[in-house]
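Everything on this sheet refers to the single structure shown next.
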Amino acid sequence: MRHQERSGAEGAGPATGTETGRGEAPEPRPGDPEITPEVVDEHGLSPDEYDRVVEILGRTPTFTELGVFSAMWSEHCGYKNSKRLLRLLPTEAPWVIQGPGENAGVIDIGEGLALAFKIESHNHPSAVEPYQGAATGVGGILRDVFTMGARPVAVLNSLRFGDLDSGRVRYLFAGVVKGIGDYGNCVGIPNIGGEVHFDRGYEGNPLVNAMCLGLMKREDLIRGEAEGVGNVLMAVGARTGRDGIHGATFASEELSEDSEASRPQVQVGDPFTEKLLLEASLELIRSGHIVGIQDMGAAGLTSSASEMAGRSGSGVELDTARVPVREPGMTPYEILLSESQERMLVVAKKGREPQVREILERWELEAKAIGAVTDDGAFRVLEEGRVVADIPALPLTEGCPTYEREGVESPEVIGLRETDLTPYVDKETDLEEAFLELLSSPNIGSKRWIYEQYDTTVRTQTVVRPGGSAGVIRVRGTRKGIAATTDCNGRYTYLSPRRGAMIAVAEAARNLVCVGALPTAVTNNLNFGNPLKPEIYFQLREAVLGMAEACRLFETPVTGGNVSLYNETNGKAVYPTPVVGMVGVLEDIHRVTTHHFQEEGDVIVLLGGETHGALGGSEWLYVRHGQVAGDPPEVDLLEERRLQHGVLALIERGIVRSALDCSEGGLACALATAAVGEGEAPLGVDAEVEGKAGPVGLLFGEDQGRVLVSCRPGDEGELHRMAKNHGIAARRLGTVGGPRGMFTVRAGTAATADSIRVPVDEVAQVFFDAIPHRMKVVEASRPSSAST
Amino acid sequence: MKISVITFPGSNCDYDCYKALRDVVGVDAEFRWHKDRELGGADAVILPGGFSYGDYLRAGSIARFSPIMEKVVEFAADGGPVLGICNGFQILCEAGLLPGALLRNEGLTFQSHDVHLRVENAETLFTSGYQKGQVLRMPIAHGEGNYHADTETLSRLEGDGRIVFRYVNAEGETTPWANPNGSAHHIAGILNEPGNVLGMMPHPERAVEEILGSTDGLGIFTSLVEHLSATAPAPS
């Protein structure tokens, strides 16, 4: 028996790095299925890809090895259809400490501190099991951040659902929100914002993207590398069960009616264990007893072990019989591919296993030596000493075939984009009714129903809570603050992928400058359909090109992210949704600015571009006419950059008292949002919107590059002077009215101009009831204002 | 003077309490691990918020069996001041240091937002810095904060002035909308009979600095510190 020849800290086994299986070809396990073309196909590998596997191994793979390749070469882990495009994104800047390829990106924020951040999708699991799918999405992104050595300090979410008039959509929406809340609340990480959009384009395939930010001292940065021959691989945290097997492969297929049967592939989260694992991991990293740590996330032990080996260029050997499991009889195949949650793979310095175990035990968690670092570059797996997989690590992790596909724009989309919107505009007869209908749209109205289910103030650092332009936290021990936002308008990206992606970046940057933060870096989540379809690949390529151009110009490098393809249900793809998660730094947290008007008599000014009345892909067109059509708004990236600098300068000088990006729903909705604030003391508005467009375009047009600000009457002159110096236009729209006053907006110059005139209390009521009303809980929702 | 903040597995407001005490109030504070069997000479104890033991089974029901709780119960019996916030309030009820129980919120959803509280009793060692009737603003963040007790207990709490905080609107009125979780008698915080144990669902430690949006929670900590200074033996 081979295993008797081994020795180690825990007795027999590879735990001390004695390479036991080297040079032995793995033998098929009794009971393993034979490798046939059908079995290969079920594993999502093409015949060409399978040939490549055989070439790498120099022989037929075992069933276990096939499973390993299947997971690592899935779209989810291998990025086979996106890798070549991702290389087009700018990833470098002097402040970038860690770019793409690690668990999370890391940037330098000064004063010896670093910020780790990343966004990741959990779309497929959430489509079949919304609560656990969303909860484990949060869990996964938290682990990505704390495995870098950073303490998670904030989370955000970017969500997409179908229209809320569908019962199924309400079920998915409520489940996802509860799942996100229950997980993050329990671990104690505040939710500081994000976005949600509802559109029939996401009906069967919701998108659930979770973003996490973590802070650390620069020197605490640790990477997921398995270095040092003889160092010990340890499985840490929860035990390995049969849940989530082949989750990565599942995430790389289209959804269909049969996907419900995939529910067992959805993992189950345990936030309490996550909290313990978080504390234990940070303590481990600071202890100096370990050299590397990685989440056993997608493709579980397989990806964590092989990626750590691949990154460092060394090899690993592990024995699945040593992995703590939840149930007996699990095969190496199952143990390697399980996606059970709250597990970590740690590389302990040789001889430090007892110290590692001691730390884990204090947090009531397990740590078990399962293998060791070798020097032969192999990812070798044993089962009680018998080799069951022996694969060169680098070709496994980096050798996934990548493809450049054919991309052709869909004629249907071209037709929609070229739709003449004039007839729709002409049909609009009641601006006030249109305004109130827009405000009651869940895309425009308050998202309070969602974020009241999230703990937003734990950790006592949240300075701007959800509901504003961007979430802001202070950085203890400094004057600095960190702001974060997620943005993407899927309708724009559908109608014009490149421009839509540019707008997503531009809007994210505007949201950050509106709170007073300098846009610094980006993490992205590319949510698309099946890339094998030319029209989808076209969207993907165009969106990446647009994002690359905008990120380059704004000097906001992309430090990592996630690609989620095959977001299709029964052959219908979601809108292409390249979500931009952007972070920014405030040099002085006390200069932070919020989105709502502050005081009666303040002057309202629109900074930036002219209002041409861009209605293509607008919320007005969707709400009033049920259409997603027309050419999305133009975006001038240089103008955007000037605007960003101008707004920041005005905030730094303390001139601006409120700032709000003017986007979906146009100026009328932006004015309303700024007027109602958080609903406690809505202020009236008296404003006039001028421009060449007709009243519909002036009020509801979604022209880019505009920021709505307010200032004290005495500061108006200085505001105009500074705006001029920054080369941006500033137009006075009117003044802030009194508490419980009238909300009046006139479109046009003449005294007879069309106008909206509604008491601001009614505006607030409609705005805050948007989601509760659709969730049929309007009677249980709190009134919007202080008259409770 | 030293205040102990107890950390249970799953506590997540322990650090916030610690920072509020040390950085804002300026008093010595230290963490005590749930497995400790000593309070280390603490003059007061805080049971912080969070999800001790994941709140599995029932919020606070497992934490009460932690080794340190034996000492906390003794400390409270000797008249030592104990403040339980959110999950800490739930643990105090489970441990029998306070009457009643905290049920699932009436609306069945987690509630995280600012609330207004009216100070009903400003003559406790935790509230002497406030005025009776004063309206405070601070966050809540809980799924199980619906205070429940039998009629007799409730009338005794009322009669003894042991309802310290009630949920109200900004004007200080107990309207139905102002009650975020369905608590009986709008109860947000109660005192034990001798007056040395306070449990409350809202988070005063999250309302201690202007930058966080409110400083209304500070009074609880400063009142406590003032009480401890006044009762401390003179330094020899």
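Brief remarks on what is shown
- Residues that are touching a residue at least 40 places away in the same chain (Cβ under 8 Å), surrounded by fewer than 19 Cβ atoms within 10 Å (Cβ to Cβ) and in a loop (DSSP other than H, G, I, E, B), drawn from the range A:319-347: A:324, A:326, A:327, A:331
- Any hit, the range B:140-154, residues being farther than 21 Å from residue B:205 by Cβ and touching a His at 6+ places or on another chain (Cβ under 7 Å): yes
- The criterion of at least 1 residues that are in contact (Cβ under 8 Å) with a residue 60 or more places away in the chain is met, among helices (runs of 4 or more DSSP H) falling completely within the range A:28-79, by A:47-57, A:63-72, A:75-78.
- Among the numbered conditions (1) within 12 Å of chain A (Cβ to nearest Cβ); (2) buried (at least 23 other Cβ atoms within 10 Å of the Cβ), the only one that residue B:117 does not meet is (1).
For (1) within 14 Å of another protein chain (Cβ to nearest Cβ); (2) touching a residue at least 24 places away in the same chain (Cβ under 8 Å), each residue gets a yes or a no:
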{"site": "A:414", "(1), (2)": "no, no"}
{"site": "A:423", "(1), (2)": "no, no"}
{"site": "A:431", "(1), (2)": "no, yes"}
{"site": "A:446", "(1), (2)": "yes, yes"}
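- Residue under evaluation residue A:717, criteria (1) modelled with pLDDT of 95 or more; (2) surrounded by 18 or more Cβ atoms within 10 Å (Cβ to Cβ); (3) out of contact with any His (no Cβ under 9 Å at 6 or more places or on another chain), criterion not met: (2)
- Residues of the range A:663-681 that turn out to be modelled with pLDDT of 95 or more and either outside any helix (DSSP H, G or I) or open to solvent by 10 Å² or more (accessible area, probe 1.4 Å) (or both), as a count: 3
- Unique residue being within 19 Å of residue B:76 (Cβ to Cβ), open to solvent by 30 Å² or more (accessible area, probe 1.4 Å) and at pLDDT 95 or above when the list is B:185, B:227: B:227
- Residue selected from the range A:574-613 under the condition among the small types (Gly, Ala, Ser) and crowded, with 24+ Cβ neighbours inside 10 Å, by the criterion nearest to the other protein chains (Cβ to nearest Cβ): A:584
- Apart from one condition, residue A:211 fits all of (1) open to solvent by less than 10 Å² (accessible area, probe 1.4 Å); (2) under 18 Å from the mean Cα position of the chain (by Cα); (3) within 13 Å of chain B (Cβ to nearest Cβ); the exception is (3).
- Matching residues, the range A:387-420, being closer than 30 Å to residue A:491 by Cα and either of a type in the set (Asp, Glu) or in contact with a strand residue (DSSP E or B) (Cβ under 7 Å, 6 or more places away or on another chain) (or both): A:404, A:406, A:409, A:412, A:418, A:420
- Restricted to the range A:493-506, and to residues there that are open to solvent by less than 10 Å² (accessible area, probe 1.4 Å) and farther than 24 Å from residue A:520 by Cβ, the residue that is nearest to the chain's Cα centre (by Cα) is A:497.
- Scanning the range B:191-227 for residues that are over 11 Å from residue B:126 (Cβ atoms) and aliphatic (A, V, I, L, M) turns up B:201, B:207, B:208, B:211, B:212, B:218.
- Hey, residue A:631 charged (D, E, K, R), under 30 Å from residue A:436 (Cα atoms) and open to solvent by less than 10 Å² (accessible area, probe 1.4 Å) or not: no
- Elements of the type helices (runs of 4 or more DSSP H) sitting completely within the range A:390-453 and holding at least 1 residues that are at pLDDT 95 or above and either more than 27 Å from the chain's Cα centre (by Cα) or not small (Gly, Ala, Ser) (or both): these cover A:411-417, A:422-427, A:431-439, A:448-451.
- Selection from the range A:164-180 of residues that are within 16 Å of residue A:772 (Cβ to Cβ), crowded, with 22+ Cβ neighbours inside 10 Å and over 16 Å from the mean Cα position of the chain (by Cα): A:173
- Matching residues, the range A:414-449, being β-branched (Val, Ile, Thr) and surrounded by fewer than 19 Cβ atoms within 10 Å (Cβ to Cβ): A:414, A:419, A:422, A:429
- Subset of the range A:467-477 that is in contact with a strand residue (DSSP E or B) (Cβ under 7 Å, 6 or more places away or on another chain) and open to solvent by 10 Å² or more (accessible area, probe 1.4 Å) - its residue that is nearest to the other protein chains (Cβ to nearest Cβ): A:474
- Unmet criterion (only one of (1) away from every other protein chain (no Cβ under 14 Å); (2) open to solvent by 20 Å² or more (accessible area, probe 1.4 Å)) for residue B:3: (2)
- Checked against the criterion of being within 14 Å of chain A (Cβ to nearest Cβ), out of contact with any Cys (no Cβ under 6 Å at 6 or more places or on another chain) and not hydrophobic (A, V, I, L, M, F, W, C), the candidates B:41, B:54 yield just one match: B:54.
- Residue in the range A:366-377 that is open to solvent by 10 Å² or more (accessible area, probe 1.4 Å) and over 28 Å from residue A:69 (Cβ atoms) present: yes
The values are calculated or read from the model by the stated rules, or taken from the named source; none is laboratory data. Keep in mind the model is a prediction, meaning the values are calculated, not measured. Glycine also receives a Cβ, built like all others from the backbone with ideal geometry; neighbour counts cover every protein chain displayed. Remember, those area values only see protein heavy atoms, side chains included, never the ligands or the DNA or RNA. Shrake-Rupley method; radii C 1.70, N 1.55, O 1.52, S 1.80 Å.
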